[in-house]
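First the structure, in the form of structure tokens, and then the observations on it.
Values in this text are rule-based calculations from the coordinates and carry no lab data. Since the model is a prediction, treat every value here as computed from it, not as a measurement. Here the Cβ is made from the backbone with ideal geometry for all residues, glycine too, and neighbour counts use every protein chain on show.
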Amino acid sequence: MRAGRARAGTRSEPRTRLGRIGMVLFGVFAGVLFSGLGIGGAVGLADGMKYSTRMSGTPGLLRIEYCETSGTGKQRHTDCYGVFRSDDHRVTDPYASIGESFKGETVLPVQRDASGHCYLVGVAPTAGRLAGICVAVVAGVGGLTLLCGAFSTAMPRLGGRIGAALWSPGAGRLLRGLMRACGIGFALFGVVGVIGWLAMP
């Protein structure tokens, strides 16, 4: 009887090991994915804020002439092209572009970068980027949490020590405060951004 139980336990060990390997691989994949999206998204949105707040680029007006849609599926996007004239009348770019969809002859206050691409300025685009940064931070923290979980599953003793150091009571309070701030920020900036977009031409 004991020998039968021992053989059954031996057969279950490979399944348990395979299950742990699967959990680790899933945790690493999801952790890298969410961490990359979160960090990359936050950096990209923060970089765009220097234009929406007029801290960088050339201020002026963009008159839309036509728009083009390219790509398929999730890669499908619309770019509009038109004539940009700076506020000081020193720069005129007949081939300026903007990564949004607008009606022809629409005139927009924008900020132009060195490559000729324009960015919307004002409350709506700035609030939208801030809301996006809040989402990106949550995604990044979630990804790092998954990576820590995968590491703890692969090496329980060492992972447990690292987890205890990272998720100490002080760190836990800080993390909860950060998540709460991101949630409030997303709701606030999201509402402001939607109202601002509805008010745009």
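For the chain, a Gaussian network of Cα nodes joined below 10 Å ranks Thr78, Thr16, Thr145 by mean-square fluctuation, and the top entry is Thr16. Highest mean packing first, where packing is the average number of other Cβ atoms within 10 Å per residue, the peptides 133-142, 95-104 line up as 133-142, 95-104. Which part of the stretch 104-121 falls in the paramagnetic zone of Tyr66, meaning amide N under 17 Å from the point 7 Å along Cα-to-beta-carbon? It comes to 104-106, nothing else. For the chain, the longest principal axis of the Cα atoms and the long axis of helix 156-166 meet at an angle of about 40 degrees.
Quick check for me: using +1 on Lys/Arg Cβ and -1 on Asp/Glu Cβ, what's the dipole size of the stretch 68-183 about its Cα centre, in debye to the nearest 20?
Values: 12 positive and 8 negative charges, 184 e Å.
Magnitude of the dipole: close to 880 debye.
Extension gain for the segment Ala114 to Arg176, taken as residue separation times 0.36 nm less the Cα-Cα distance, is 18.3 nm to one decimal. Between Arg76 and Arg54, the distance separating the two model label sites (each 7 Å from Cα on the Cα→Cβ line) works out to 3.7 nm.
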